[in-house]
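The values are calculated or read from the model by the stated rules, or taken from the named source; none is laboratory data. Because the structure is a prediction, the values reported are computed rather than measured. With ideal geometry, Cβ positions are generated from the backbone for all residues, glycine too; neighbour counts draw on all protein chains shown. The area values use the complete protein model at the heavy-atom level, side chains included, leaving out ligands, DNA and RNA. Shrake-Rupley method; radii C 1.70, N 1.55, O 1.52, S 1.80 Å.
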Amino acid sequence: MTTLIKQLQSMYDLELYSNVVRVCDLALTSAEQKPECLLPLHKFQLVLLYGDSLYKTQQYLQAESLYRQALQMRKNLLKNKSTSNKLPEDQNELISDVVIRFKIYRCCIALREVKAAMEMLQSIPARSRTPKINMALANLYKDGGMERSAITCYKEVLRECPMALEAVESLLKLGIKGVEVNSLVVEVTSDLSWLNLWFKAQAQLYSRDFSNAIQTYKSMDTHGLLKDNTSLLVNLGYCHHYLCEDDDAIAVLQRAMRLDQNLIFGRDLLSTLLASSGKSDHVQHLENLTPTFDMSSWSSEHWVVLGNYMLATKKYERAAYFGQQALFLSHSKNVEALLLKARTLLELSKYQDAAHHCTEAIQICPFRYDLHQCLVECYVKLNRLREADSMAQNACKQLNYSPQSLTLHASVLLKDPMTSGKTVRKLLEKAVGSDKNISTNAICMLVEYLEQEQQYEQARQLLTRFIDHNPSSRLHQLLGDCYVNLQKDDEAFHHYNVALRLDPNNQRATEGLNSIGRNLSLSKRDSYYTCVGETSYTSPGTSEADEEIFPQNDTDPWPANNSF
């Protein structure tokens with residue numbers, strides 16, 4: 001029977017897995033009829049080859065059963081040693097039970113039986129655990145919220161393999177200081193300058209020092225170090241996004257995708273940013289990101305890309321379905337998938353469900369503004385302003401009172417008629433004063449507030465101070481409004497024209513231009529600035545040509561709402 005084992009092993013080495021499965025099935029049935037024809041040792045080897053081939057052909061449940069059978073057979077072989085079942089001379093011992101247990105773990109993971117997978121690895125004595133086993137166990141501990149156990153296992157990995165970058169990054173994500181992690185890998189970083197810089201940038205990223213992380217990444221994106229490395233560029237894109245510099249994030253991520261059109265890491269984030277930008281040209285870029293290969297090979301990120309494309313084109317039923325597919329593949333750990341599902345449910349007026357998904361996403365990544373903004377919007381839509389205010393205050397704490405979080409809080413307070421105007425003004429002034437990038441939203445909200453208080457000169461001074469740094473159509477239109485109220489029609493005429501040159505679809509600028517000389521009191525006009533409760537995906541002005549890109553109704557048949 002040694003000939004049978006050799007032939008099966010040869011076919012397995014040649015990757016003829018389905019053929020091995022057929023032969024093993026017949027051979028084991030024959031052995032049941034005539035046990036004396038197959039020695040226990042050979043049967044053990046046959047069962048292992050059968051299990052390995054079943055695993056390779058993705059028949060995980062049957063493979064797990066055979067591995068467990070092999071584990072028991074090994075115990076019996078060790079208990080009943082005899083001349084007939086000794087190993088061949090060219091082998092010294094039976095395959096380790098540690099190896100078999102790891103095979104069972106892989107089957108459990110493929111079958112999404114996480115608890116069983118963890119129990120199988122935990123059954124391996126600590127002294128017998130290889131770096132591969134410690135790494136797998138650490139990932140399970142981390143996903144299960146057992147952070148202390150995860151940290152211990154990751155450190156064990158680094159003691160034997162100091163260049164295990166995934167273990168390094170996982171320790172940093174779990175809050176271990178960069179200095180402590182560096183002490184575990186210092187023997188390899190001393191000779192590799194680029195690796196030392198990489199560790200430094202990753203430590204800054206996971207300690208939320210995003211500004212310095214950006215500088216470190218940029219210093220590596222040079223010839224002689226890591227120029228055009230896609231992982232570096234994607235991490236750089238994430239840093240820009242965490243600082244709400246989404247235009248910079250999009251530019252960096254698009255550069256990474258041009259370098260590697262099949263890149264998966266960061267693809268879902270780019271699709272999220274393109275979908276939420278509200279620019280029609282970004283919808284075309286988003287369409288180019290959608291996968292064209294067989295659906296069975298799609299990862300969670302690919303489903304998110306397609307879902308965001310459906311969201312951008314207002315096909316919300318489909319977007320929700322694709323978001324659910326992404327969540328299923330990622331075990332609900334993909335932040336972009338959670339945000340996609342939340343935004344889609346928000347559009348479908350399922351505000352409570354959307355809030356639930358936002359809350360899950362914030363637990364995974366609490367330092368992303370867009371997650372907090374979506375959650376606050378959900379509570380505003382539910383008319384639960386007290387909870388919205390509480391969530392906005394939490395956003396301020398989590399985001400270290402960034403200008404965006406302060407503006408978000410102010411927008412919630414503006415919804416509450418009981419809120420003091422001084423409180424809103426104080427928040428907006430703080431947001432404008434601390435905003436190094438001079439975002440338009442906080443300035444516009446403060447200007448609108450000042451106009452409502454008829455403090456036109458203060459509003460004009462504020463706009464004049466910032467308009468050169470960010471000459472947007474919106475700011476010029478607001479400045480035109482101020483000059484109309486100050487009865488300076490020539491200046492108002494100039495800024496309305498500039499606003500329309502920058503954005504011909506700025507309807508408020510057109511109305512302001514037509515109102516010059518009519519003594520129209522702009523203080524009576526409705527406020528048009530974007531607050532919580534208004535979607536951020538679509539442009540304020542959509543041309544006729546855009547109607548084809550943004551269809552108004554999703555009329556194609558698709559799973560009903562209750563399917564997701």
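Collect the residues in the range 189-218 that are among the small types (Gly, Ala, Ser), assigned to a helix (DSSP H, G or I) and under 25 Å from the mean Cα position of the chain (by Cα), keeping them in residue-number order. Even if it seems obvious, please write down each step before you answer.
Start the filter on the range 189-218 by keeping residues that are among the small types (Gly, Ala, Ser), which leaves 190, 193, 201, 203, 207, 211, 213.
Adding the requirement that they be assigned to a helix (DSSP H, G or I) leaves 193, 201, 203, 211, 213.
Correct list: ALA201, ALA203, SER211, ALA213.
Collect the residues in the range 274-322 that are within 24 Å of ASP247 (Cβ to Cβ), open to solvent by 30 Å² or more (accessible area, probe 1.4 Å) and among the small types (Gly, Ala, Ser), keeping them in residue-number order.
Within the range 274-322, SER277, SER280 meet the criteria.
Which pairs have Cβ atoms under 7 Å, sit 6 or more apart or on different chains, and link a residue in the range 322-348 that is in a helix (DSSP H, G or I) to one that is surrounded by fewer than 24 Cβ atoms within 10 Å (Cβ to Cβ) and among the β-branched types (Val, Ile, Thr)?
Note: pairs meeting the criteria are VAL335/ILE364.
What number goes with the only condition from (1) at pLDDT below 80; (2) more than 24 Å from ARG386 (Cα to Cα); (3) surrounded by fewer than 21 Cβ atoms within 10 Å (Cβ to Cβ) that VAL432 does not pass?
Single failed check for VAL432: (3).
Filter the range 175-184 down to residues that are outside any loop (DSSP other than H, G, I, E, B) and not charged (D, E, K, R) and give me whichever is most open to solvent (accessible area, probe 1.4 Å).
Residues of the range 175-184 outside any loop (DSSP other than H, G, I, E, B): 178-184.
Remaining after also requiring not charged (D, E, K, R): 178-179, 181-184.
Working: GLY178: 31, VAL179: 122, VAL181: 6, ASN182: 54, SER183: 74, LEU184: 41 Å².
Once the filter is applied, the top-ranked residue is VAL179.
Residues that are of a type in the set (Val, Ile, Thr), at least 3 per element: which helices (runs of 4 or more DSSP H) completely within the range 420-513 meet that? Reasoning before the result, please.
Details: elements: 421-434, 440-452, 456-466, 473-485, 489-502.
The qualifying helices (runs of 4 or more DSSP H) are 421-434, 440-452.
Could you list, ordered by first residue, the pairs with Cβ atoms under 8 Å in which the first is in the range 388-400 and open to solvent by less than 60 Å² (accessible area, probe 1.4 Å) and the second is of a type in the set (Phe, Trp, Tyr), at least 6 apart or interchain?
From residues that are open to solvent by less than 60 Å² (accessible area, probe 1.4 Å), the pairs are ALA388/TYR379; MET391/TYR379; ALA395/TYR369; LEU399/PHE367; LEU399/TYR369.
For the range 490-512, give me each residue that is closer than 22 Å to GLN452 by Cβ, open to solvent by 20 Å² or more (accessible area, probe 1.4 Å) and more than 42 Å from the chain's Cα centre (by Cα).
The one that is closer than 22 Å to GLN452 by Cβ, open to solvent by 20 Å² or more (accessible area, probe 1.4 Å) and more than 42 Å from the chain's Cα centre (by Cα): GLU491.
Please indicate, with yes or no, whether at least one residue in the range 35-47 is assigned to a helix (DSSP H, G or I), within 43 Å of the chain's Cα centre (by Cα) and touching a residue at least 12 places away in the same chain (Cβ under 8 Å). Give the steps one after another, and end with the answer.
Within the range 35-47, the first condition is being assigned to a helix (DSSP H, G or I), and the residues that meet it are 35-37, 40-47.
Adding the requirement that they be within 43 Å of the chain's Cα centre (by Cα) leaves 47.
Next, only the ones that are touching a residue at least 12 places away in the same chain (Cβ under 8 Å) stay: 47.
Yes: one or more hits.
Here are some conditions: (1) open to solvent by less than 60 Å² (accessible area, probe 1.4 Å); (2) in contact (Cβ under 8 Å) with a residue 40 or more places away in the chain; (3) out of contact with any Asp or Glu (no Cβ under 6 Å at 6 or more places or on another chain). ASP268 meets all but one. Which one does it not meet?
For ASP268, the exception is condition (3).
Within the range 8-30, how many residues are more than 17 Å from LYS43 (Cβ to Cβ) and open to solvent by 50 Å² or more (accessible area, probe 1.4 Å)?
Kept after step one, since they are more than 17 Å from LYS43 (Cβ to Cβ), are these residues of the range 8-30: 10-11, 13-19, 22.
Then drop every residue that is not open to solvent by 50 Å² or more (accessible area, probe 1.4 Å), which leaves 10, 13-16, 18-19, 22.
Going through the range 8-30 one residue at a time, the tally reaches 8.
What residue, among those in the range 109-123 that are buried (at least 20 other Cβ atoms within 10 Å of the Cβ) and out of contact with any Gly (no Cβ under 9 Å at 6 or more places or on another chain), is nearest to LYS56 (Cα to Cα)? Step through it out loud before you land on a result.
Just the residues of the range 109-123 that are buried (at least 20 other Cβ atoms within 10 Å of the Cβ), to begin with: 117-118, 120-121.
Remaining after also requiring out of contact with any Gly (no Cβ under 9 Å at 6 or more places or on another chain): 117, 120-121.
On the way: ALA117: 18, MET120: 20, LEU121: 21 Å.
Of everything passing the filter in the range 109-123, ALA117 is nearest to LYS56 (Cα to Cα).
Considering the range 185-210 alone, what residues qualify as being crowded, with 18+ Cβ neighbours inside 10 Å and either small (Gly, Ala, Ser) or under 23 Å from GLY144 (Cβ atoms) (or both)?
Passing the criteria: ALA201, ALA203, TYR206.
Identify all residues within the range 513-536 that are at pLDDT 50 or above and either touching a strand residue (DSSP E or B) at 6+ places or on another chain (Cβ under 6 Å) or surrounded by 15 or more Cβ atoms within 10 Å (Cβ to Cβ) (or both); write none if there are none. Explain how you work it out, then say what you get.
Taking the range 513-536 as the starting set, the residues that turn out to be at pLDDT 50 or above are 513-518.
Within the range 513-536, LEU513, SER515, ILE516 qualify.
Restricting the first residue to the range 437-448 and requiring it to be within 20 Å of HIS241 (Cα to Cα) and surrounded by fewer than 23 Cβ atoms within 10 Å (Cβ to Cβ), which pairs with a second residue that is modelled with pLDDT of 75 or more and among the basic types (Lys, Arg) meet a Cβ separation below 7 Å and a spacing of at least six or different chains?
The qualifying pairs are THR440/ARG474.
Restricting to the range 338-358, name every residue that is more than 16 Å from ASN383 (Cα to Cα) and basic (Lys, Arg).
If the condition is that a residue be more than 16 Å from ASN383 (Cα to Cα) and basic (Lys, Arg), then LYS341, ARG343 are the ones that fit.
Take the range 372-386 and flag every residue that is farther than 19 Å from LEU243 by Cβ, crowded, with 17+ Cβ neighbours inside 10 Å and not aliphatic (A, V, I, L, M).
Selection gives GLU377, CYS378, TYR379, LYS381.
Scanning the range 219-232 for residues that are out of contact with any Asp or Glu (no Cβ under 7 Å at 6 or more places or on another chain) and part of a helix (DSSP H, G or I), which turns out least open to solvent (accessible area, probe 1.4 Å)? I'd like the intermediate steps shown before the answer.
Kept after step one, since they are out of contact with any Asp or Glu (no Cβ under 7 Å at 6 or more places or on another chain), are these residues of the range 219-232: 219-226, 228-229, 231.
Those left that are additionally part of a helix (DSSP H, G or I): 219-220, 231.
Values: SER219: 54, MET220: 1, SER231: 50 Å².
Going through the qualifying residues, I end up with MET220.
Test of understanding: among ALA492, ALA509, which residue is touching a Cys at 6+ places or on another chain (Cβ under 9 Å), farther than 23 Å from ALA431 by Cα and in contact (Cβ under 8 Å) with a residue 12 or more places away in the chain?
Values: ALA509 fails: touching a Cys at 6+ places or on another chain (Cβ under 9 Å).
On inspection, the qualifying residue turns out to be ALA492.
So which residues in the range 51-79 are free of Cβ contacts under 8 Å to residues at least 24 places away in the same chain and over 20 Å from VAL114 (Cα atoms)?
Correct list: GLN69, GLN72, LYS75, LEU78, LYS79.
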